[in-house]
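The values are calculated or read from the model by the stated rules, or taken from the named source; none is laboratory data. All figures in this text were calculated on a predicted structure; none of them were measured in a lab. Don't worry about glycine lacking a Cβ; one is built from the backbone with ideal geometry, like all the others, and counts go over all protein chains shown. Side chains are part of the model used for accessible areas, which takes the heavy atoms of the whole protein and leaves out ligands, DNA and RNA. Shrake-Rupley method; radii C 1.70, N 1.55, O 1.52, S 1.80 Å.
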Amino acid sequence: MFDLIVRNANLPDGRTGVDIGIDGGRIVAVERILQAQAAEEIDATGRLVSPPFVDPHFHMDATLSLGLPRMNVSGTLLEGIALWGGLRPIVTREELVDRALRYCDLAVTQGLLFIRSHVDTSDPRLVTVEAMIEVRERVAPYIDLQLVAFPQDGYYRSPGAIDALNRALDMGVDIVGGIPHFERTMDDGTASVEALCRIAADRGLPVDMHCDETDDPLSRHIETLAAQTIRFGLQGRVAGSHLTSMHSMDNYYVSKLIPLMAEAEINVIPNPLINIMLQGRHDTYPKRRGMTRVRELMDAGLNVSFGHDCVMDPWYSMGSGDMLEVGHMAIHVAQMAGIDDKKRIFDALTVNSAKTMGLAGYGLEKGCNADLVILQASDTLEALRLKPNRLAVIRRGKVVARSAPRIGELFLDGRPARIDGGLDYIPRY
């Protein structure tokens with residue numbers, strides 16, 4: 001007698017007609033025609049059942065703050081930083097917590113149950129850190145939230161940033177962050193990477209740096225980050241986020257850089273929505289779009305995962321908390337429209353991101369945590385195309401969110417009365 005059985009599921013690896021037995025918050029059986037009963041059964045009706053979506057790069061302290069204190073007129077990264085810098089000194093813990101909790105509500109309905117958020121430590125009050133630690137505790141029953149100590153205004157550039165970052169880590173922030181390309185000079189950026197990796201090694205913490213989020217092909221801090229990762233023995237525990245300067249680097253240099261990154265086992269986190277919105281702002285035409293070299297990095301064996309980064313904040317006026325929207329955009333801007341390409345894109349929203357975050361018990365195999373999402377689509381390719389409704393979101397074996405199927409009604413002679421776009425129009429690959 002199980003707590004829950006999800007029947008007739010299609011899995012991301014291509015298996016169909018699978019039953020998933022859940023007991024005690026864990027998956028205890030994954031097989032065809034599971035001969036068992038349960039307190040509750042859900043018929044997936046031949047739809048995709050996936051592990052939850054994972055966002056390894058987000059800014060929860062700024063989310064839903066769009067228009068405060070005003071809109072980003074230029075639409076640039078630097079104006080967004082300036083706007084946030086104006087809001088940060090006057091924001092309260094209460095409003096930070098309220099906005100973050102409202103975003104987490106949205107995230108759960110989208111099947112997004114794991115988030116890594118960068119937390120700005122530039123304000124010496126560290127009210128952002130206090131607020132996000134409170135949020136981490138409050139959402140723990142339904143979202144795993146990791147926090148990165150992020151010196152938004154620069155580790156060396158901003159007075160007091162060194163002390164503030166260390167205090168944030170002492171308060172219980174999980175990961176060491178940085179932003180070397182925002183330091184005053186390239187040398188300062190290089191020095192910040194070394195200093196922050198040393199802190200991570202001394203404290204036994206992972207590293208996740210905003211790295212080379214610029215169109216400047218000479219912004220090469222990812223090379224330093226890879227070298228320092230090897231130096232301090234941090235392989236597999238370091239993420240380079242954005243890496244947009246690789247879009248503009250010459251191919252010869254990249255042919256040297258990518259093997260170094262692979263040797264360091266760097267986790268790569270592009271943010272497709274934000275990267276193509278903010279980069280190339282100084283170009284006329286041809287205009288660069290700025291996302292890093294996703295295909296080449298994947299082909300080299302690096303772990304590539306995608307982040308949402310922002311939702312309705314000073315940097316990005318759009319966003320929905322839907323990681324499939326992120327993957328949908330990645331397909332277009334990376335020009336990865338093949339069948340195998342799309343499967344790799346879906347992995348970048350799920351299993352790759354879980355690896356980046358070091359999640360234990362993630363997946364759909366026996367023994368994994370019973371965290372899963374039922375989507376109104378037949379497979380991963382259709383999920384990326386349709387960005388379908390999440391029919392059920394399950395956390396540790398309990399349904400935490402539901403959405404009704406998206407059904408269209410037709411009033412046309414001789415044509416169907418109802419259309420389920422997730423099942424009725426499936427291409428036969």
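Observations on the model:
- For region 166-184, the set of residues classified as touching a strand residue (DSSP E or B) at 6+ places or on another chain (Cβ under 8 Å), over 20 Å from Asp212 (Cβ atoms), not small (Gly, Ala, Ser) and not in a loop (DSSP other than H, G, I, E, B) consists of Leu169 only.
- If the condition is being open to solvent by less than 10 Å² (accessible area, probe 1.4 Å) and outside any strand (DSSP E or B), then region 109-124 contributes Gly111, Thr121.
- All positions within region 152-173 that are open to solvent by 20 Å² or more (accessible area, probe 1.4 Å), in contact with a helix residue (DSSP H, G or I) (Cβ under 7 Å, 6 or more places away or on another chain) and closer than 21 Å to Glu137 by Cα: Met171, Gly172
- On inspection, Ser353 fails the criterion of being modelled with pLDDT of 95 or more, open to solvent by 20 Å² or more (accessible area, probe 1.4 Å) and hydroxyl-bearing (Ser, Thr, Tyr).
- Residue list for region 133-151, filter: open to solvent by less than 10 Å² (accessible area, probe 1.4 Å), over 30 Å from Pro405 (Cβ atoms) and in contact with a helix residue (DSSP H, G or I) (Cβ under 7 Å, 6 or more places away or on another chain): Val135, Leu147, Ala149, Pro151
- Where Thr214 falls short, out of the listed (1) outside any loop (DSSP other than H, G, I, E, B); (2) open to solvent by 20 Å² or more (accessible area, probe 1.4 Å); (3) among the β-branched types (Val, Ile, Thr): (1)
- Within region 259-313, restricting attention to residues that are of a type in the set (Val, Ile, Thr) and not in a loop (DSSP other than H, G, I, E, B), the residue that is most open to solvent (accessible area, probe 1.4 Å) is Ile276.
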